[in-house]
Each structure stands twice: as C-alpha cells, then as structure tokens.
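The values are calculated or read from the model by the stated rules, or taken from the named source; none is laboratory data. Treat the numbers as computed from the prediction; the structure is a model and nothing was measured. Note that each Cβ is placed from the backbone with ideal geometry, even for glycine, and that neighbours are counted across all protein chains shown.
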Amino acid sequence: QVQLVESGGGMVQAGDSLRLSCVVSGHSSSHYAIGWFRQAPGKEREFVSHDISAADSVKGRFATSRDTAKNTVYLQMMSLKPEDTAVYYCAASDRISIRPDDYHYWGQGTQVTVSS
C-alpha cells in the first residue's frame with residue numbers, strides 16, 4: 001500500500017501563488033509516478049500536472065516538483081484564477097499518465113479556493 005497526504009490548500013485571491021505538498025509513504029513509494037488532479041463542484045475529476053506535462057488550463061502557471069529526500073511532491077501554482085477553485089488530489093501510479101483510472105492510490109484532497 002502507498003499512502004499520500006496532501007496539504008497546503010487554502011483561500012487566496014486571484015493572481016496569488018500557492019504551493020501544495022504531497023507526502024508519499026509506503027513500500028517502494030519512490031517507484032511510483034505522482035500526478036495531481038482536481039475536482040470542482042459539479043465537474044468530473046481532471047488531470048492537472050505531473051513531472052513532464054500539465055493540462056492546457058494550467059500550463060505555464062502550474063508545475064510539479066519533487067524533494068526526493070523528503071518523499072514529497074509539490075504542485076507549484078502561480079497566477080491563480082477563480083476557475084482554479086477545486087479540491088486538489090495527488091495520486092500514485094505505476095506509470096506516468098494523465099488518466100485518473102491509471103492511478104491506484106489517492107490522497108484525501110485539499111481545498112483550494114481562489115476569490116476574484
């Protein structure tokens with residue numbers, strides 16, 4: 001089993017920056033690809049970012065990074081917009097993917113709210 005815990009969400013104003021953290025633990029946790037997803041009210045869960053790509057809606061504003069020594073993956077969010085408001089999840093997969101179904105382990109989510 002792989003465990004993931006997100007943190008760092010909160011309420012910010014449009015244009016602000018925020019960094020989410022995902023602490024990954026469990027056996028062979030370093031062998032998993034970590035992706036970020038989000039789900040807004042009334043919408044399906046959608047891909048946000050992983051190590052090598054980002055969704056068009058966040059490209060150029062969001063980026064994934066890692067601190068391997070701390071087993072932590074970050075989602076760096078800049079120039080936040082109200083439409084970025086959602087619950088953000090990190091997830092682990094045995095291969096890098098943008099498809100939620102390819103991710104077998106999920107964190108509990110952290111709320112990001114962006115006001116205009």
Discussion item. Kindly evaluate R61 against the criterion of being touching a helix residue (DSSP H, G or I) at 6+ places or on another chain (Cβ under 9 Å) and closer than 15 Å to W106 by Cα.
Written reply: no
Worksheet item: Taking segment 47-56, which residues are within 19 Å of E6 (Cα to Cα) and without any contact (Cβ under 8 Å) to a residue 24 or more places away in the chain?
Response: A54
Worksheet item: In segment 57-115, how many residues are closer than 14 Å to A40 by Cα and either without any contact (Cβ under 8 Å) to a residue 24 or more places away in the chain or in contact with a His (Cβ under 7 Å, 6 or more places away or on another chain) (or both)?
Response: 0
Practice prompt. State all residues of segment 26-81 that are modelled with pLDDT under 95 and aromatic (F, W, Y); if no residue qualifies, say none.
Written response: Y32
